[in-house]
Amino acid sequence: MPFEARRWPVWRQVTGKDLLGLGRTATSALTEGRTARTTTADRVATSICPYCAVGCGQLVYVHEGEVTQIEGDPASPLSRGRLCPKGAASRELVNSPLRELKVKYRRPHGSSWEEISLESAMDMIADRVIATRDATFEEVDEQGRPLRRTMGIASLGGATVDNEENYLWRKLMVGLGVVQVENQARI
């Protein structure tokens, strides 16, 4: 057998004691010089995966202010350290060069986006909610029975919001008279 074939990982696995390929068999000169992204982390933050309603626990490893790795949190009673492919790839969601970091607004009939401040965007949303509620609020029906509702606003919540936040959001919507409240987790 040529000498080069003995360096192949499969040959080392079959002829050696590492039949599962978990130890020396799985290493090479290239991999021996590498370290895990988790070893250089300055801190580890716990988080929840943003993709679906399951709410898998995540450990977010941060080095010098940048997310270097995201793994499943073994302490999570929901996922017990496991993540689906989307959750495992969520590091790219944070570090993507395409990620928008500023508020963008496209004016009615506009053809391009412009940057506006977060305060301006929040004021615009609040003004529109108030104006819509005022224009569509129904105090009573045709027979004089109390309604105290607006059909001009609907709410579709995200599945990654926890129970407490969903509770507060629902209270806000009910306080505004919004009756069309749904959540993505139920759809």
Inset, instruction - Go through the residues of the range 60-71 one by one and say whether even a single one is of a type in the set (A, V, I, L, M) and over 30 Å from residue 183 (Cβ atoms). - result: yes
Legend entry - Residue list for the range 161-179, restricted to those being under 20 Å from residue 127 (Cα atoms) and outside any loop (DSSP other than H, G, I, E, B): 169, 170, 171, 172, 173, 174, 175, 176, 178, 179
Inset, instruction - Identify, by number, the condition in (1) under 27 Å from residue 22 (Cα atoms); (2) surrounded by 13 or more Cβ atoms within 10 Å (Cβ to Cβ) that residue 51 doesn't meet. - result: (1)
Legend entry - Candidates 111, 117, 155, filtered to the one that is closer than 30 Å to residue 54 by Cα and of a type in the set (Ser, Thr, Tyr): 155
Inset, instruction - State whether the residues of the range 16-33 include one that is at pLDDT 80 or above and loosely packed, with under 12 Cβ neighbours inside 10 Å. - result: no
Inset, instruction - Output the number of the condition that residue 139 fails; it satisfies all remaining conditions of (1) in contact (Cβ under 8 Å) with a residue 12 or more places away in the chain; (2) in contact with a Pro (Cβ under 9 Å, 6 or more places away or on another chain). - result: (1)
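The values are calculated or read from the model by the stated rules, or taken from the named source; none is laboratory data. What you see is a predicted model, and the numbers here were worked out from it, not measured in a lab. Note that we place each Cβ from the backbone using ideal geometry, even for glycine, and neighbour counts take in every protein chain shown.
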